[in-house]
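Step one of this worksheet: look at the structure below.
A short reminder: the numbers here are calculations on the coordinates, not readings from a lab. The structure displayed is predicted, hence computed values, not measured ones. Note that we place each Cβ from the backbone using ideal geometry, even for glycine, and neighbour counts take in every protein chain shown.
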Amino acid sequence: MSELSIQLFVCLMTMLSTGAALAQEAYVYDNLAAGTYVYDASSTGKLTLIKGSPFQTVGSLIGTNGKFFVTANATTVFSYVVASNGGIGKVVSEINTQKYTGSECGTMNSGGEFDRTGAHIYIPLSGDENGNCDSLQTYGISNTGILTFKGATEYNQGGPFNISVNSMGLPTITGNGKFAYGFLTAAGFDSVSCYGPSITTFAAESGGVLNYQAGYSGSFPALPPGVSWVLLGSMTDDPTDHVAIAVDSINSDCGVIRDITYTGPAQLMSATVDSQGNLTSTNTYENMPTLAGDGSPSSMVLDPTGKILAVATGTGVQFFHFNGASPITTFTGVIGVSGYITHMSWDSDGHLYAQNGASGKMHVYEVSTKSAKELSGSPTLIPIGTVYGNPVSSFVVRSK
């Protein structure tokens, strides 16, 4: 082996042993009313717009499995070819959600998502005029991009006075693909927990269809008398059977909703998913870490390895070590002064993309098990959409 080869080999092994991330190669898809802007991310964290942007797409962003890009409007799901340079090509398939089971519950108003395999897409429907139900439809996407309806499940049935889960948003799908969870929210409040954490559970059939699962039970850390847990609507999963959940505790008179008092700041809980889909945590409220900054998460995501948890809080992003069923441990304080982050996504090379929900600036962090820092080419200002006049961040990251 030549001296140069030896030096290169030693350099590579040093990077791997220290957990340093290799060169970043990813595309960022930013979905707006005018279409989808695609950016090429450099190793410094700088985003460069790809020629042809914005690409003509219809509806809101669902995501990409690398081969196809998927969007949806209130009634229809679309799939597009992804070009070799990351750009978006022609529509190859579209399917009307209103022709299938579950459409009686309403239309899509909170987006959709892929499972980890990239073979199934989940679309929640809600908002029918009587508020009688909510549903979750499952679609398959073939190797040629063709969309097919696989099945649907209805939940929250009970009439117009039943508490609606229209604000549940997208469920969190476990890394093993067997279960998914959503938070029940009511009347503008968080998942109020006078009677225990309120979680909607789905179980997957062998074909990938998610079905509502009644009879959920779980075990959460005990609290002092008169104090209850409240779920903050933030949950993320590792590649196996563990989840991270942002929680707070409340002192309340359960008979009077207005008497709820949050004890704060928010804490982070780890839980294990058992074979029946029940969530069990062996944490205690004493060993669960608390958030820095304002103590309330706006977004949280685990990296693809399931080892690093990123939480948007205060003026930036705080990182934690995720340890499976064991308690989560603090890794850093709040990194940077990026402001109020509303959406984050990891690539597969140890980089976190975090967008300021007001300015549109995309901040890119390089993270290993040893360190976390914002890259020198970050941030890049990219367009940001609005819903009802309010800024909304909607992007996905695809590693090359």
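Computed values, structure above
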| read-out | value |
| --- | --- |
| Lysines with Cα under 26 Å of K51, excluding same-chain neighbours fewer than 8 positions away | K67, K90, K361, K400 |
| Label point 7 Å beyond Cα of V227 along Cβ direction - residues of region 235-250 with amide nitrogen under 16 Å | 247-250 |
| Local net charge near T76, Cβ-Cβ under 12 Å (Lys/Arg +1, Asp/Glu -1) | 0 |
| Per-residue Cβ neighbour rank within 10 angstrom, fewest leading, R116, R398 | R116, R398 |
| Contour excess over end-to-end distance, with Cα ends at D294 and S376 and 0.36 nm allotted per residue | 26.9 nm |
| Neighbour-count ranking [beta-carbon atoms within 10 angstrom, fewest first] of Y139, Y155 | Y155, Y139 |
| Counted charge near S376, where neighbours are those whose Cβ lies closer than 11 Å (Asp, Glu -1; Lys, Arg +1) | 0 |
| Long-range HN-HN contacts of K361 with modeled amide H, under 5 Å | N356, I382 |
| Ascending count of other beta-carbon atoms within 10 Å, so fewest first, for K51, K400 | K51, K400 |
| Extended-chain gain in nm, criterion 0.36 nm per residue less alpha-carbon gap, E286 and T315 | 7.9 nm |
